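Just below is one structure, and these are the notes that go with it.
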Amino acid sequence: MSPQILTALIAVPLTGGGLAVILGRRSDDAARWVSLLAALLTVALAATLWFGFQETLPAAQGPVLEQRISWIPRYGIEFHLALDGLNLLFVILTACLGTVAVLISWREVTRAVGAHYLCIMATVAGIMGVFLAYDLFLFYFFWELMLVPMYFLIGVWGHERRIAAAIKFMIFTMVSGLLLLVAILTLYYAHGAATGNYTMDYTRLLGTQIGLSTARWIFLGFVAAFAVKLPLFPLHTWLPDAHTEAPTAGSILLAGLLLKTGGYGLIRFAVPLFPDAAASLATPLAVLGVIGIIYGAILAYSQRDLKRMVAYSSVSHMGFVMLAVAVWQITALQGAVMQMLAHGVATGAMFAIAGMIQERLHTRDFSELGGLWSKVPKLSAFALLFVLASVGLPGFGNFVGEFLILLGSFPVTPMLVAGGVLGIVLGTIAMLALMQRTFYGPSRNAAVIADLSPREVLALGILAVAAVVLGLLPQPFLRAAEPSLAGIISQSIPFNPADPEVGLDVLRTAAENTADFSLQPPSDPTGAEIAPASRVPVAESAVGLTGTNPGVTTESSPGSAHAIPASARAGNEETGS
Amino acid sequence: MTAQVTSAAVSMTAAVPTSHVLAVAAILIAIGTFGVLLRRNLIFMLMALEVALNGAALAFIGAAARWGTADGQVFVLFIMVMAAAEVAVGLALILQIYRRASTLDADVLDTLQG
Amino acid sequence: MTVLFYASAAVATVASLLAVTRTQALHALLYLVLALFAVALCFLSLGAPFLAALEVIVYAGAIMVLILFVMMMLNLGPESWARERHLLPRHAWLVPAIMASALVLLTLFAVLSAPQQATQAASVGPKAVGVALFSTYLIGVELASVLLLVGLVGAYYLGAKK
Amino acid sequence: MSGADLWSLAPLIVPALAGTLVMLLGGFNANRRLHHGLAVGALAAALLCVGMAYGTAPRTVTPLLIIDSYALFFLTLIYAATGLLAMFARPYLAVREKDTDAFYALLLFAATGMGVLACSNHFAALFLGLEILTVSLYTLIGYLREDSRSLEAAAKYLVLAALSSSFLLFGIALVYAATGTLLLNPAFRAIADLAPQFGQQAEAAWALAGGIFLFVGFAFKLALVPFHMWSPDVYQGAPAPVTALIATGSKGAVLAVLLRAVGPVGLGEIGGAAGITVLAVLTMFGGNLLALLQDDLKRLLAYSSVAHLGYVMVALLAGGVAGAQAMTFYVLAYVLTTLGAFGVVTILSSESPCEADSLAAYRGIGWRRPWLAATLAVMILSLAGIPPTAGFLAKVAVLGAAIEAGRLGLAIAMALASGVAIYFYLRVIVVMYMQEEEDATEASSLPSSFANAVALLVLVALVIAIGLHPTPWFEAVRVAVATILPA
């Protein structure tokens, strides 16, 4: 397959947006249709990739498709895009949610339509770039680039307090982004000084030898940017405002895609580039993740605004991703990927529904909602579906994601897993309360409103199908991401065994204490599928494994492949010292 | 013959440490700065500037005397040219301002938000 | 000649101080002229007779007369003296005085910190200056003429009645 | 001086002669179009001469001037900027002032002064170039004789610039007394050699004090905190094209000579690097924090340019070839960007006799004047350092140079300061796009003057082109810097 297709994934939405703004001067409908066309073309490209690489993906740890063009040779910067199983999933998600965002804002936006679609499509293009970039500078370039159109989306087409929200969003993300830039440059010069090869290439920067204390600071620079996006607990305050004030399309892109760039960045860049530093800071990060899970759920319950409630539930759901990254286990990471995909779909849909309600009733306040089921049954049925998906009912992707994360984390840190479970319960209460306050009970609004139009049914239908497919047939997705994740994990074993891994020691002790806790293969149909696939890295690291702790290996069932990387790391450490 | 010229020249010049010349120059510059900061009337400010510029010129003459070259004196000539141009424009500006506002008081003129 | 330098330096300092603090414009100007004469004497004692002459002719002669003309055009009478006095209350002196003395003390410290030795300055006469002007500093002279032209254009434009 | 010398001086002679010609013509011909055409034509011709001078570079013409590819790089930038300003100025002046001959003559003289600065190799050339520029600016700032704000700004600038000149001169005199040379590079090298002997030798103390006075003089001209007080008032009061000249060409020229003087020695070597670091940090944060409080676009841009000069100081402090390249590249990006921003301000101000400087005047222009607003938005994003603009890459280059030189703290300070800056840059965009319902009238969406529309378009294209494909520009910067700082 031609590597130009990767560039096309970025160029097509961008061109579509440009055409939208030009044609939009004549007619609003032209802008809408040309954007839809571009979005659908992007989906087609993503689908081509998906079906084209069905055979090759499960075998390849590295990229299956790469495009490299020299860009700024002075700094060793290349226009380097690469596709592997991990980012392919996010590319597909981006393409789909981009289409949904176009469909959703079809009637909602009546002002400066062309510019609105330009912003949507430019955001989509920027996010595509973030997911595909294999050059750190290019990654940062897209990372900043996607913020500008998003800022305009919130600030121009948002709700009442949009300006404050937009500025808050931009400042949080920009300041953390600048720290990321300093961190990238520090890494770049450290690598260049050590090897004489000044490059921004991701694959070459992997394995750079940096002293632990320096590495920690650089790692924190990366984490600052990614944690703001994710968002991690104390850095989340921009999110409720931005999500609430954004127009529907903006909320969908924010919740569905922008947050995922944070999780993706942690998995792809932050930890693999600085495994030692990541290991030493794993505990506080995991704790913050779990605090986020619980805190998000509690705050979600106490909101009076529909969109704010969904926004806080996002904080809760993304806490799981942080937990998985901190644990750094293949099962947990697969769960994190699943969680991000499923959350993107379900929360995107929840924001779409909130937008539809706002469009019809001009309010999102629970005190003015209620009893919608009788008025708009189709809308309410969809809402129920997505609420159930968000709370993690089996059969939906969120369940698979949360389950795998907890499964993977349990042997490492049972306490935190318990916290996560508490968070799930609280989150469920919050989401059911949402359902109750909005759709059941007495109607507090006399307005006669229309049910879903065919276009809206189409938009929500896409998301509903996606949510169900993720839940019932997760194997293809897990299988696609698995080798890439295994590759990333095998690359991020600490390189300098002499460095004490303070934080991870704690976690590993916990893991060893619970090592005899024999996990049965999960009863869920998905579990059986994961197990064989996840054995690939096991075979590779088997030598170090048997050397250290035979008890763990013999006792763990094939289903608990999660135990391996941690002990493999330990094995590596022992052989090294 | 050269020796004669030099000895004649020596009799005409002072045996002053360069530091002392520079010190006097520094004092003049400080007085000029003080005047610029103190006065609110543009004409007085202009005069204070002349004091400061004279300090700089004196420093150049002191340095030139130390090295016995013409460069320092040439520089002072340039300073005079600059002072002349400066004063010419400054005075024209003062006339124009006086014509508009009938005052040269910098406080009264302070319409730009500070 | 050494005495001449110190004496004229003292006069220059005192006259300058008076020039920047007088409230009557004409008095200030006269003190300034006195200071310029004293500085010219310093130039002379340091072996720069040509520049000493120029200082008197150009500075004290031309520039100060220019200022005098403008003062006369503006007709700064007794009421302007009163306004100046009003503008210079004692407390207004404080901050500039502190800043200026800090400036002068720091500089004096730097300039006088090391052991002093008196250097017998060589006199550089008009001829040497002229030779330098039209060899090394040829372009400098051209640039100085551009500078004067700029001053001319500016003064003409800004001074014009409109 | 030979004929060949004259040829290589042509880039300086052309604007000076043209300025004289415009001045003389102004005496008996009041045709504004003619003055304007002559000025723009002369600057174009000067650019042509710059191109030809590459053939003879490097050439030292008397000890005062050196025409090398570093000088020619800055001459190109300065003359291009001045030429564009002259274009923006025509409609602006048309609604304000009848006599334009002095304006264009002074603009050409100012260009000469900046050109001399870029070429100067000697303190005398530095001083004369600076004064030609400064004295031209006095009149240009006060050019709107009926506007008291303009006159007041001119008076303020005159007093402070002359005071800073006397500091600069005293610094030169001290350095000369200590080292006996007036050539820039040998003088700074001698300062660096003398500085460690402070306390033992009188010369060392003079050299150090001289270095400090020189730096204070430069700091005034560049408006570094705490010597920036004049800058917002002057930016606000001066006619918009003149403000643009102060913000772009004049700063660029002063930076050019500063880098030529201290680059090969390294600012850190001269002594007082710690003090300059503090000054740089103060400048970055001071400029950005004060910009937060402004309701006037010209004042806002003034404080923002204060902060940008702080970033430039970071590059200068980083030192070495990388620092010099980063600084030169930053100046290139900054000049183009600022020119574009002030270009929009000038064009909007030329539609009526009142200056379009209060932020309120920009309410909703995003929808009324989409092209102009988009131009301003691109420039603002570039000033904020957001991709894909030249400002972004310039910031990366400076941060990179600082990190490479091991000055991580300075790099982090710069990153945080530019984080603060995001807020007020965004405010401008908020005002333009988010505060008013759009107005369907799109009748006068393009600037009234075709030439100005083209000029703005070129600037936008350059800012984005440098942001997307910087390689040729990096190469030009590398070649220019190599002549003063061989790698």
So what is the accessible area of the stretch A:4-487 per residue, in Å², with the probe set to 1.4 Å? 28 Å²
Mean shadow area (nm²) of the C-alpha convex hull around chain D is 21.3 nm²
From the phi of every residue in the stretch A:244-260, what ³J(HN,Hα) in whole Hz does the Karplus formula 6.51 cos²θ - 1.76 cosθ + 1.60 yield, where θ is phi - 60° and glycine or proline is x? 6, 7, 5, x, 3, 4, x, 4, 4, 5, 4, 6, x, 10, 4, 5, 5
Using only protein heavy atoms and a 1.4 Å probe, report how much of A:Glu368 is accessible, in Å² to the nearest 10. 90 Å²
Give the accessible area for B:Arg99 in Å² (nearest 10); use a 1.4 Å probe, count only protein heavy atoms, and leave out ligands, DNA and RNA. 90 Å²
Hey, how much of the P(r) for the stretch C:19-162 falls beyond 21 Å, as a percent of Cα pairs? 68 percent
Where does chain D land at 222 nm, in deg cm²/dmol rounded to the nearest 500, when only DSSP H runs of n ≥ 4 count, each adding -39500 (n - 2.57), divided by all residues? -25500 deg cm²/dmol
What does a probe at A:Asn445 reach in the stretch A:287-323, counting residues whose amide N is under 19 Å from the point 7 Å along Cα→Cβ? A:303-311
For the pair C:Leu138/A:Asn197, report the inter-label distance in nm, with labels modelled 7 Å from Cα in the Cβ direction. 5.7 nm
Ignoring ligands, DNA and RNA, how much accessible area is buried between chains C and B, both sides summed, with a 1.4 Å probe, to the nearest 100 Å²? 7000 Å²
For B:Ala15, list long-range residues whose amide hydrogen, built 1.01 Å from N in the peptide plane, is under 5 Å from its own amide hydrogen. C:Thr2
May I ask for the percentage of alpha-carbon pairs in the stretch D:272-487 that lie more than 27 Å from each other? 33 percent
Using a probe radius of 1.4 Å on heavy atoms only, what accessible surface per residue do you get for chain D? Whole Å² is fine. 27 Å²
Given the protein assembly as shown, what whole percent of its Cα pairs are spread farther than 49 Å? 40 percent
Along the stretch D:185-200, Karplus-curve 3J(HN,Hα) (6.51, -1.76, 1.60; θ = phi - 60°) to the nearest Hz, with x for Gly and Pro, reads 5, x, 5, 5, 5, 5, 4, 4, 6, 6, 3, x, 8, 4, x, 9
Output the residues of the stretch C:79-110 meeting this criterion: accessible area (heavy atoms, 1.4 Å probe) in the chain alone minus accessible area with all protein chains in place is 40 Å² or greater. C:Arg83, C:Glu84, C:Leu87, C:Leu88, C:Pro96, C:Ala100, C:Leu103, C:Val104, C:Thr107, C:Leu108, C:Ala110
Using alpha-carbon coordinates, inclination of helix A:414-439 to the longest axis of chain A, degrees: 10 degrees
Of all accessible heavy-atom area on chain A, the percent that carbon and sulfur account for (1.4 Å): 67 percent
Return the subset of C:Lys127/D:Lys156; D:Lys251/D:Lys395; A:Lys229/A:Lys375 for which the Cα-Cα distance in this structure is over 29 Å, preserving the input order. C:Lys127/D:Lys156; A:Lys229/A:Lys375
Where in chain C are the DSSP H helices whose C-alpha atoms run 18 Å or more along the long axis and whose mean Kyte hydropathy is at least 0.5? C:2-21, C:25-45, C:94-112, C:138-159
Interface size between chain C and chain D, please: total buried accessible area, 1.4 Å probe, rounded to the nearest 100 Å². 2800 Å²
Name the long-range amide H neighbours of A:His80: under 5 Å, sequence gap of 5 or more, or other chain; modelled H, no Pro or chain starts. A:Ile69, A:Tyr134, A:Asp135
So the angle from the long Cα axis of helix A:85-108 to the longest Cα principal axis of chain A, reported in degrees to the nearest 10, equals 10 degrees
Sorted by chain and then number, the residues having a modelled amide H within less than 5 Å of the amide H of D:His122, at least 5 places away or on another chain, are D:Leu184
Would you kindly derive the ³J(HN,Hα) couplings of the stretch D:397-414 from the backbone phi angles with the Karplus curve 6.51 cos²θ - 1.76 cosθ + 1.60 (θ = phi - 60°), listing them in order in whole Hz, with x for Gly and Pro? 4, 5, 4, x, 4, 5, 5, 4, 7, x, 9, 5, x, 5, 5, 5, 4, 5
Calculate the radius of gyration of the Cα atoms of the stretch A:4-487 to one decimal place, then report Dmax, the largest Cα-Cα distance, as a whole number, both in Å. 21.1, 72
Just to be sure I understand the model, the point goes 7 Å from the Cα along the line to the Cβ. What's the resulting D:Thr56 to C:Ala82 distance in nm? 6.6 nm
At a 1.4 Å probe radius, which order do A:Val327, D:Val321 fall into by accessible area, largest first? D:Val321, A:Val327
Under a plain spin-label model, where a point goes 7 Å from the Cα along Cα-to-Cβ, how far apart in nm are D:Ala482 and A:His159? 6.0 nm
Using unit Cβ charges (K, R positive; D, E negative) and no other charged atoms, how large, in debye to the nearest 20, is the dipole of the stretch A:1-125 about its Cα centre? 460 debye
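The values are calculated or read from the model by the stated rules, or taken from the named source; none is laboratory data. Here the structure is a predicted model, which is why all the values come from computation and not from measurement. Quick reminder, even Gly has a Cβ in these numbers, built from the backbone with ideal geometry, and neighbours come from all protein chains shown. Only protein heavy atoms, including side chains, enter the accessible area calculation; ligands, DNA and RNA are left aside. Shrake-Rupley method; radii C 1.70, N 1.55, O 1.52, S 1.80 Å.
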